[in-house]
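One structure below.
Values quoted throughout were computed directly from the atomic coordinates according to the rules given, and no laboratory measurement underlies them. Not measured: the values here are computed from a predicted model. Heads up, the Cβs are rebuilt from the backbone with ideal geometry, glycines too, and the neighbour counts pull from every protein chain shown.
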Amino acid sequence: MGFKISDYPSKTVFNDTDLMDVSTAGTTSESMTYAQLKTNLNANLSFLSSVPSGVCGIADASGVYTYYSTLQDAINAGSSTDTITLFADITETTNITVTLKAGQKINLNGHTYKLDQVGSANAFTINTVGDFHIYNGNIERVNGTASTSNNFAVYVNNTSANLIGDFIVKNPNGVGVKIDGGDVSGIRSYCFWPGIILNNTSAQLNNCESYATNSYGLWVLNGTARNCYGFSSGNDGIRSTDKLENCYGYSESTYGLFGGTESYNCFGRSDADVGYHAKDSSINTNCTGVGVGSGYEADAGSKNIDFKGISSGYLGVEGLSSGTTETIYVNGYAESFLNIAFYAISNSTGDVKVINTTCKCNEDNSTGHALYLTGSNPNFIAQNNNLEVKNAGANGIFSDTVGGIYALGNVINVTPTTPINIVANKMTNTPDSYNNIQIG
Amino acid sequence: MALIYKQTVTQNEKTSPLPMDERLIVQYFDDVAEEDKQNIVNYDDLTAEEQATFDAYKALCESKMV
């Protein structure tokens, strides 16, 4: 009768010549030396050395994995319903692009897939019809050359390809994600150039964060961005030529948010320039701009409803120019701490209408007017505004033009000696007995 | 062609949310193209003389922090 394995840990060292009791209960006592026991165990456990492994794998219905040495091998081998799981960080150094198969899911499993190559390849490309899901990790493209045509970390290149994401993208040398495809959501992208470029009119970009050091944080060329955040140190936080909903743009150097054709419920903040810019002929509802430059800036023909512009260093709201169609400001708030609250230019035939807007100038200066109207072809309507100045020499409404101004129903605070300082008010009509009044 | 200077933004190096070297962003208006433009110049790309000027300007700015 020798030692039993159960003697461990009280007996921590077994010598090769120690007899080991290897009998099972109810059987005749059987023993072998410790050296014989080790040899026997090694022979029976030798299958462990041949257990398959790989950087990624696909599990079958029983949870048994088939392993692959490259991600593309796994994608090619898998079916459209498979989930491919990474088990280690992967760095590719050849000029290859991983092309996903429709319907497959990529579980990055906390790891990073990186393409480190000076060529033009994208790290990932999605160019087939279908839904794709990538989650739980990082995709990086490094050492490429910045381009809006290639060298992306992820390229969605089919208008019927939809990507549901929950992953992080990095490209310190170029663009993070380029979307010429379908709907995309759930990506955080940190890049040198735009973190995300959206370029499909019918596509939607949802719930993404997009950062850049040297270009727009988020660039919406075509499509709708919803619930997105764009940040840039070196250019606009968000630059749009299409639609934005519930978006926040922050720039440390230029426009916080440069709006497109339509913007709803958006916010632009700039540490050095204009907070929010309304594009010519655009529709802007419930948009706010806060800037060191103008808080809110609007171009000709834009419609600005429920707007706010606040500036710490320049104009609260700046109406850049007018066109042949009217430019409208309704239900707004304009405030400046160092200049005129609301500055509007009319230099064409379209009316410039400022209606039901609070204009507040905090600068204690005789040039610190609440509402300043100017231009070579004045066609202004200033109606039912609340105007406030800090200096008695400033005016509630000031204009340096002759003619073209209808001012009615405005309320000015007690401070200015001359509340309305315009050459002539074109309003001559008077209200009827019901207080209705026709402009004219 | 006239390039009309508007402003310069100077930025310290930082690591969050993105790594970025110390640099200056010169913003100007191109009256031929009729558009705003900017040029981003990293501190490390300046000549020694230019870096000395930048350092002096930065010291001026820091002296105005109250």
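Stretching residue A:160 away from residue A:32 to a fully extended chain increases their span by 39.2 nm, per 0.36 nm per residue minus the current alpha-carbon distance. Legend: translational diffusion of region A:266-417 by Stokes-Einstein, Rh = Kirkwood radius over C-alpha pairs, 25 °C, 0.890 mPa s; D = 170 µm²/s.
For chain A, the Kirkwood estimate of the hydrodynamic radius, built from every pair of different alpha carbons, is 25.9 Å. Under 14 Å from a point 7 Å along the Cα-to-Cβ line of residue A:261: which residues of region A:275-315 have their amide N that close? Hits in region A:275-315 for residue A:261 at 14 Å: A:279-284. Roughly what angle does helix A:34-44 make with the longest principal axis of chain A, taking Cα atoms, 0 to 90 degrees, to the nearest 10? Result, in degrees: 60.
Rounded to the nearest 10 degrees, the angle from helix B:48-63 to the longest Cα principal axis of chain B is 70 degrees.
FRET efficiency for residue A:377 and residue B:16, Cβ-Cβ distance as r, R0 = 41 Å, nearest 0.05?
The calculated FRET efficiency here is 0.25.
Taking each DSSP H run with n ≥ 4 as -39500 (n - 2.57) and averaging over every residue of chain A yields -1000 deg cm²/dmol at 222 nm. Each stretch of four or more DSSP H residues adds -39500 (n - 2.57); spread over every residue of chain B, this sum gives -8000 deg cm²/dmol at 222 nm.
Which of the three applies to region B:5-66, rounded, prolate or oblate, going by the alpha-carbon gyration tensor with a ≥ b ≥ c and a/c under 1.5 meaning rounded?
Cα axes put region B:5-66 in the prolate bin.
Shown is the FRET efficiency for residue A:201 and residue A:417, computed with R0 = 60 Å from the Cβ-Cβ distance and rounded to the nearest 0.05: 0.65. Counting Cβ atoms of other protein chains within 10 Å of each Cβ in B:8-16 and taking the mean gives 3.
The share of C-alpha pairs in region A:58-197 whose separation exceeds 20 Å stands at 40 percent. Globularity index of region A:92-159 is 1.08 (Cα radius of gyration / 2.2 N^0.38 Å, N = number of residues). In region A:51-124, the convex hull through the Cα atoms has an average projected area of 5.0 nm², a quarter of its surface area. Each Cα pair under 8 Å and six or more residues apart adds its sequence gap; the mean of these over the residue count of region A:237-328 is a relative contact order of 20 percent.
Of all DSSP beta bridges confined to region A:6-156, the antiparallel ones make up roughly 35%. The Cα-based radius of gyration and maximum Cα-Cα distance (Dmax) for region A:212-302 are 11.0, 32 Å.
Sorting A:180, A:306 by the number of Cβ atoms found within 10 Å of their own Cβ, with the fewest placed first, yields A:306, A:180.
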